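Here, each number is a calculation from the coordinates, and none is a lab measurement. Just so we're clear, the structure is a prediction, and the values are computed from it rather than from any experiment. Counting neighbours? That spans all protein chains shown, and the Cβs are built from the backbone with ideal geometry, glycine included.
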Amino acid sequence: MLDNGWHGANRHYMWRRVLKTETTRIAESLASLGRDGRFRRTIAIIALATASAGALAACGGPADSLSASQALAAGIAAQRAGHFDTATTDYTKVLSSEPKNAYALYDLGDVEQFQGQDAAAATHYHQALAVRPKMENALYNLAILDSTSAPATAKVLYLEVIAQSPRDAVARLNLGRVLLALGQKKSGDAQINLAVNLEPSLKSLAPPTT
């Protein structure tokens, strides 16, 4: 899912990534907990998370992971309500018991990026990627942060995103902008034109190409 937030010096690089919908991610989380006690994409509607937590407890599920799952669910609910301090507290609680929980690290970075705390966000995205190197949303958001200050790095990150999702028009548009900034006009124009072909609604947002 995309969020049409624009951030500081990177306003023309489009959209933070927000992880999967709540119901999908909590279902995946529960499946993951059953296998290895770790989270997959755990963003949760609180009521569903609470009900699922009760079911896991009845089945003897891991208590620490269960508590972390509830904290992560609460953090997402707080974030979506605009209560960023509360969300940060909840994500930090998850990380206190599961310091390598990639999704809590990602979500904490997402809150920080939304508030313009770019350095802290980048740190948490890097930490998430250290656990899950192909985490597409972290790659994407990190590319946005690097687009102005480190376009060569952003280029590599966008290429990794596109390798996973070749039809991601917004990633291609952003990559095109980065390539133009690097003086690679032919390649940049090609990516921008491909982005518009994939998603014609982006045409009004794309820079002119030859």
Legend entry - Percent RCO, i.e. relative contact order, over the range 150-210, from Cα pairs under 8 Å lying at least 6 residues apart: 30
Inset, instruction - Report, in cubic angstrom per residue, the convex hull volume of the C-alpha atoms of the range 150-210. - result: 65
Legend entry - Local electrostatic count, residue 175, Cβ distance below 10 Å [Lys/Arg +1, Asp/Glu -1]: +2
Legend entry - Counted charge near residue 208, where neighbours are those whose Cβ lies closer than 15 Å (Asp, Glu -1; Lys, Arg +1): +3
